[in-house]
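Trainee: Take a look at the following structure, please.
The values are calculated or read from the model by the stated rules, or taken from the named source; none is laboratory data. Values in this document were obtained by computation on a predicted structure and should not be read as measured data. When we count neighbours, we look across all protein chains shown, and the Cβ atoms used for this are built from the backbone with ideal geometry, even at glycine. Just the protein is used for accessible areas: all its heavy atoms, side chains included, with ligands, DNA and RNA removed. Shrake-Rupley method; radii C 1.70, N 1.55, O 1.52, S 1.80 Å.
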Amino acid sequence: MDVRRRPPLPPRAGGVEPVKQHQRNHPKASDALPLPLYLTNGLFFTLFFTVAYFLLHRWREKIRSSTPLHVVTLSEIVALFSLFASVIYLLGFFGIDFVQSFVHPRAPHDPWNEVVRPTRRQNDVVKGSGSRLVMPINISHLSVPAMPEQEDEEIINSVVSGATPSYTLESNLGDCRRATGIRREALQRTTRRSLEGLPLEGFDYDSILGQCCEMPIGYVQIPVGVAGPLLLNGEELTVPMATTEGCLVASTNRGCKAIYASGGAHCVILKDGMTRAPVVRFNSAVRAAELKFFLEDPENFDSLAIVFSRSSRFAKLQGIKCAVAGKNLYMRFTCSTGDAMGMNMVSKGVQNVLDFLQSDFPDMDVIGISGNFCSDKKPAAVNWIEGRGKSVVCEAVIKEEVVRKVLKTNVAALVELNMLKNLTGSAMAGALGGFNAHASNIVTAVYIATGQDPAQNVESSHCITLMEAINDGKDLHVSVTMPSIEVGTVGGGTQLASQSACLNLLGVKGASKESPGSNSRKLATIVAGSVLAGELSLMSALAAGQLVKSHMKYNRSSKDVSKLAC
Ligand code: ADP
């Protein structure tokens with residue numbers, strides 16, 4: 001239900017009194033008692049002490065008169081029954097609460113005075129995440145939802161006034177969808193800006209808790225188009241692309257058509273290893289060099305690999321490349337990570353090794369588990385040269401007839417343009433891995449559709465596109481070489497419903513049971529194959545001078561953009 005449809009309550013000054021408010025609005029178990037609670041409690045206390053006194057008195061009498069204890073009068077039976085009843089009542093009323101105060105201690109800072117039992121889903125997410133950045137929600141102490149039936153309007157006011165921190169809504173309410181609606185409404189009121197157009201309904205907010213996004217207020221819709229069939233390594237694939245750039249899917253689709261008509265593309269994984277490079281500091285460059293030699297000594301590799309793999313059966317150490325800068329040492333660990341993209345997995349393995357090294361190198365000062373020699377989400381020559389994630393090469397031979405009929409250009413024009421644009425032009429620009437026409441367009445669209453980390457498009461889009469005339473200049477040999485495609489089919493955004501559906505379309509959803517890692521490797525080949533299609537099509541459009549014309553047709557449509565600008 002939309003929070004705005006709830007009947008508004010009069011606003012209260014000075015924050016909330018959630019417990020009192022809750023009691024005012026909602027019936028409690030004690031309401032069923034014939035007497036007020038304090039009178040009922042008093043009655044049972046009195047009963048307990050009275051009958052206890054009476055029974056003790058009778059006991060003393062029986063001992064004095066040598067009467068057997070099991071011979072009881074009617075009044076003693078009634079007294080015993082009353083004692084039993086009052087014990088049950090008092091235990092139920094105070095005992096359970098007393099025990100619970102040890103089992104689930106209340107958070108003293110919690111403005112709602114209670115914490116929440118997470119849904120089963122929430123528990124699963126936090127337990128299962130073990131890897132990606134996990135939201136710091138401590139749910140071990142959670143018991144019952146705090147004021148789950150409190151009016152939304154009241155909670156919104158509490159968030160607006162600052163009495164309830166917005167980030168506590170999920171854990172306090174135990175209902176992610178409701179928390180999102182309340183946060184969103186509170187935000188609209190505090191900013192006085194409308195969020196109309198940003199959808200709220202139709203999304204499973206439980207699925208992102210502690211895993212994908214904090215403080216949600218809705219979700220952004222990105223259209224998903226398909227390009228294909230992409231004939232890659234003998235298999236026909238339909239590639240989902242999430243984008244708002246007109247022409248992109250159509251253009252990639254045209255490239256797929258050219259590849260298909262020419263017999264398909266072939267793709268090979270050259271390397272598969274995720275990297276993490278911590279930086280450590282010593283008191284001297286000599287000591288930094290000593291650790292470098294220790295790590296690079298083949299005799300030490302096996303023991304380091306065992307230590308590295310302690311935190312995951314999928315993390316297999318492949319090598320450690322070291323770089324010394326003065327007293328500082330950068331150690332670039334490379335490992336295979338199964339079907340996971342692997343950043344968390346490799347980080348955990350690196351931490352294991354750092355802990356292990358500390359005994360032999362107690363003077364090693366760990367400055368950071370990531371020292372940027374990794375290098376994640378930044379353009380860096382180390383990725384371009386050494387590779388990161390999956391290093392892939394993909395090629396196709398496009399027949400002269402297909403170049404002419406489908407791509408509307410000719411082989412010589414394409415080869416010349418590629419040399420002057422993607423090679424010479426990029427060299428003139430001082431490009432780093434940018435020897436291509438628009439690899440990042442395709443990489444990013446496929447990444448968003450399939451739940452990859454779109455920020456990794458920086459290095460994942462490193463690509464050199466080569467074109468060469470073959471078969472006496474008649475046909476075109478085209479290839480893309482991409483050394484750092486960082487993809488996974490488990491973890492992160494891949495488990496969300498939409499992204500998972502796109503992975504399913506490609507037949508690479510989740511972990512591969514037969515051969516761990518084969519799903520993510522196949523996804524990397526699909527990324528490269530799609531880039532090959534995109535490169536072919538855009539380069540052809542440029543060679544034929546069609547770029548502006550097709551963008552005017554598909555990208556700008558009939559809308560007058562100047563009228564849209566503020
Ligand atoms: P990342 O390291 O990319 O951040 P996560 O650690 O979030 O990825 O996800 C990987 C999780 O999935 C790990 O907990 C791992 O044990 C589990 N897993 C299950 N099957 C596989 C598989 N075939 N390959 C890799 N990880 C797998």
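Trainee: Classify segment 255-403 as rounded, prolate or oblate, taking a ≥ b ≥ c as the square roots of the eigenvalues of its Cα gyration tensor: rounded when a/c is under 1.5, otherwise prolate if a/b is larger than b/c and oblate if not.
Mentor: Prolate.
Trainee: Quick check: with the 1.4 Å probe, what order do T444, T244, T252 take by accessible area, largest first?
Mentor: From most accessible down to least: T244, T444, T252.
Trainee: Another question about this same structure. So if I place +1 on the C-beta of Lys and Arg and -1 on the C-beta of Asp and Glu, and nothing else carries charge, what would the dipole magnitude of segment 468-550 be about its Cα centre? I want it in debye, nearest 20.
Mentor: The dipole magnitude comes to about 340 debye.
Trainee: Dimensions of segment 147-236 along principal axes (Cα, Å, largest first)?
Mentor: The Cα atoms of segment 147-236 stretch 60, 26, 18 Å along the principal axes, largest first.
Trainee: For every other residue with a beta carbon closer than 14 angstrom to the beta carbon of Q318, add +1 if it is Lys or Arg and -1 if Asp or Glu, then tell me the sum.
Mentor: +3
Trainee: Sorted by average packing, counted as other Cβ atoms within 10 angstrom per residue and highest first, what order do 510-518, 529-537 take?
Mentor: Ranked from most to least packed, the peptides come out as 529-537, 510-518.
Trainee: Pairs of Cα atoms under 8 Å, at least six residues apart: use those to get the relative contact order of segment 190-244, whole percent.
Mentor: 26
Trainee: Another question, if that's okay. Within 10 Å, count the other beta carbons around each residue, average over each peptide in 71-80, 258-267, 397-406, and list them highest first.
Mentor: Sorting 71-80, 258-267, 397-406 by mean packing, highest first, produces 258-267, 397-406, 71-80.
Trainee: So, one more: With +1 assigned to the C-beta of every Lys and Arg and -1 to the C-beta of every Asp and Glu, and no other charges, what is the dipole magnitude of segment 156-196 about the Cα centre in debye, to the nearest 20?
Mentor: For this selection, approximately 140 debye.
Trainee: Considering the Cα positions of segment 503-545, please state its Rg to one decimal place and its Dmax as a whole number of Å.
Mentor: Cα radius of gyration and Dmax of segment 503-545 are 14.8, 48 Å respectively.
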